[in-house]
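Colleague: I'd like to ask you about the structure that follows.
The values are calculated or read from the model by the stated rules, or taken from the named source; none is laboratory data. From a predicted model like this one, the values you see are computed outputs, not experimental measurements. Backbone-built Cβ (ideal geometry, glycine too); neighbour counts: all protein chains shown.
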Amino acid sequence: MKRCLPQNAVCAACGKFTRAGAAMAPALEEAGVGIGRSLLQVDFTADDGQYVTSTFNQELDCQLVRRYALSLA
């Protein structure tokens, strides 16, 4: 089983509100099922965009990951 660097950087944008605190970044497989997740701290201001780096457990098989998501809820 091939492993990859368990880190993902994405550019995230925030709308017309301010958000600071914890966020979850799940790694999703083809059917949309979460196969890994990373918790991170974010600090967005209104209409802000920035790169957010999430670190996953090294056991995550990157060949199974089809997309990453960022949940501020």
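Colleague: Scan segment 22-47 residue by residue and report those that are part of a loop (DSSP other than H, G, I, E, B) and among the β-branched types (Val, Ile, Thr).
Modeller: VAL33, THR45
Colleague: Continuing with the same structure: Might you let me know whether segment 61-71 holds any residue that is surrounded by 17 or more Cβ atoms within 10 Å (Cβ to Cβ), modelled with pLDDT of 85 or more and in a loop (DSSP other than H, G, I, E, B)?
Modeller: Yes, segment 61-71 contains a residue that is surrounded by 17 or more Cβ atoms within 10 Å (Cβ to Cβ), modelled with pLDDT of 85 or more and in a loop (DSSP other than H, G, I, E, B).
Colleague: Select, from ASP48, ASP43, the only residue that is at pLDDT below 85, of a type in the set (Asp, Glu) and surrounded by 13 or more Cβ atoms within 10 Å (Cβ to Cβ).
Modeller: Step by step, each of ASP48, ASP43 is checked, and only ASP48 is at pLDDT below 85, of a type in the set (Asp, Glu) and surrounded by 13 or more Cβ atoms within 10 Å (Cβ to Cβ).
Colleague: Considering only segment 4-21, state which residues are β-branched (Val, Ile, Thr) and either part of a strand (DSSP E or B) or modelled with pLDDT of 80 or more (or both).
Modeller: Within segment 4-21, VAL10 is the sole residue that qualifies.
Colleague: When the residues of segment 48-58 are narrowed to those that are outside any strand (DSSP E or B) and in contact (Cβ under 8 Å) with a residue 40 or more places away in the chain, which ends up farthest from VAL33 (Cα to Cα)?
Modeller: By that ranking, first place goes to GLN58.
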